[in-house]
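Trainee: Structure in structure tokens, see below.
What follows draws every value from the coordinates through simple rules; no lab data is involved. Just so it is clear, the structure is predicted and the values come from calculations on it, not from any experiment. Here the Cβ positions follow ideal geometry from the backbone for every residue, glycine too, while neighbour counts run over all protein chains shown.
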Amino acid sequence: MARKRPKQILIAILLLVFLASGCRRAPAPAAAVPLTPVKDQGMVLIKGAAFLMGTNDGMPYEAPAHEVEVRSFWMDEHEVTVADFAKFVDATGYRTDAEKFGWSGVLNLKKGEWERVDRVDWRHPDAPTSQPNTAEPVCQVSWRDAASYAQWAGKRLPTEAEWEYAARGGLVGRKYAWGDELRPGGKPVANWWQGHFPEQNTNEDGFIGRAPIGSFPPNGYGLYDMAGNVWEWCADWYADDYYLHPARDNPMGPASASEHVIRGGSWMCSENFCTNYRVAARSHATPDSGLDNLGFRCVCDAGH
């Protein structure tokens, strides 16, 4: 019988631990583990390593570029969908913040302004009578809603450092999750706004609003929609100046603040408006915020 190579044995052990633990948090390893990314149960195993986070060629709160180290973790290969979230609600009877409030935020594209709209929630994200594609990323979910889903699923929300490291997909110092060209080969490879926001949408990428998961190619780690589609909640509290004095090892953000980090940009980001589909781009929202371009994905630790 052929002997297994050490790397194959390591991956096999990690998969067994993942399945046995139900993706619960495990004690953090003392150092990064040299893993080869593999997929299991809709998640991608990403090897821990040091990387250059942030950028010196962007907004002031994205600087300075600084080296941090993250530990190995599993990440959902795509954003949590409407169908995924429905399973959570069916199993638990959970009510989102938007459902409790009776309203949420929707962008009025004609005015280019955010508006409070009554009877809008994850089931009706754009208007009281709207019906989302069940394969779309769920939206109109607050940070508290996302964290509750993650806990139910035996997972957690990613740290900002984990999110950016994963979004880069193994590329070093690149502007986007796929490289430095916004339109590689002359066409969009993510769901962002083509045209002049908000009055003109050329629909060049094939979508006016949110796109079903997997509509565009994955990044180098096999992760879909790490740019555009919907913003994604991170675990960290947000501070403009956090990068000035960050933790180097497995950073988790400020101890407290009033808003949480969101990452990845959305279908509303355009060349004239925000360009937040860049991997170093960061923004923030209050924990109770629900918007029609804000969702999430989950992660969990890779144990030994």
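Trainee: Assign one of three labels to segment 91-182, namely rounded, prolate or oblate, based on the Cα gyration tensor with a ≥ b ≥ c the square roots of its eigenvalues; rounded applies when a/c is under 1.5, prolate when it is not and a/b is larger than b/c, and oblate otherwise. Intermediate results must be reported in sequence, preceding the final value.
Mentor: On the way: a/c = 2.58, a/b = 1.40, b/c = 1.84.
Taking the square roots of the gyration eigenvalues as a ≥ b ≥ c, segment 91-182 is oblate.
Trainee: Kindly write out, for segment 41-48 in residue order, the coupling ³J(HN,Hα) from the Karplus curve 6.51 cos²θ - 1.76 cosθ + 1.60 (θ = phi - 60°), rounded to whole Hz, with x marking Gly and Pro.
Mentor: 6, x, 10, 10, 7, 10, 5, x
Trainee: Follow-up. For the pair Phe273/Thr286, report the inter-label distance in nm, with labels modelled 7 Å from Cα in the Cβ direction.
Mentor: Roughly 2.2 nm, to one decimal.
Trainee: Now, a different point. Kirkwood hydrodynamic radius for the chain: how many Å is it when counted over pairs of different Cα atoms?
Mentor: Averaging 1/r across every pair of different Cα atoms and inverting gives 19.7 Å.
Trainee: In deg cm²/dmol and to the nearest 500, what is the mean residue ellipticity at 222 nm of the chain if only DSSP H runs of at least 4 residues count, each as -39500 (n - 2.57), divided by the residue total?
Mentor: On the way: 5 runs with 51 residues, N = 304.
It comes out at -5000 deg cm²/dmol, rounded to the nearest 500.
Trainee: Mind checking the full-extension length gain between Asp249 and Lys100? Use 0.36 nm per residue of separation minus the Cα-Cα distance, one decimal, nm. Let's see the in-between values first.
Mentor: Details: separation 149, 0.36 × 149 = 53.64 nm, distance 3.84 nm.
Length difference between fully extended and current span is 49.8 nm.
Trainee: What length, rounded to one decimal in nm, is gained on full extension from Lys111 through to Asp57, with 0.36 nm per residue of separation minus their alpha-carbon distance? List each step's numbers first, then the result.
Mentor: Values: separation 54, 0.36 × 54 = 19.44 nm, distance 3.11 nm.
Result for the pair: 16.3 nm of gain on full extension.
Trainee: Then there's this: Which number gives the lysine pairs in the chain that have C-alpha atoms under 25 Å apart and are eight or more places apart or on different chains?
Mentor: Count of close lysine pairs: 13.
Trainee: I've got another one for you. Going by a ≥ b ≥ c, the root eigenvalues of the Cα gyration tensor, does segment 264-304 fall in the rounded group (a/c under 1.5), the prolate group (a/b larger than b/c) or the oblate group?
Mentor: Values: a/c = 2.73, a/b = 1.59, b/c = 1.71.
Oblate.
Trainee: Using only the Cα atoms of segment 46-106, build the gyration tensor, take square roots of its eigenvalues as a ≥ b ≥ c, and label the shape rounded, prolate or oblate: rounded if a/c is under 1.5, else prolate if a/b is larger than b/c, else oblate.
Mentor: On the way: a/c = 3.82, a/b = 1.74, b/c = 2.19.
Because a/c hits 1.5 or more and a/b fails to exceed b/c, segment 46-106 counts as oblate.
Trainee: Using a simple spin-label model with points 7 Å from Cα along the Cα→Cβ vector, what separation in nm is obtained for Ala65 and Ile208?
Mentor: Rounded to a tenth, the inter-label distance reads 4.0 nm.
Trainee: Contour minus end-to-end for Arg183 and Thr92, with contour as 0.36 nm per residue of separation and end-to-end as the Cα-Cα distance? Don't skip to the answer; put the middle values down first.
Mentor: Details: separation 91, 0.36 × 91 = 32.76 nm, distance 4.25 nm.
Stretched out fully, the Arg183 to Thr92 stretch lengthens by 28.5 nm.
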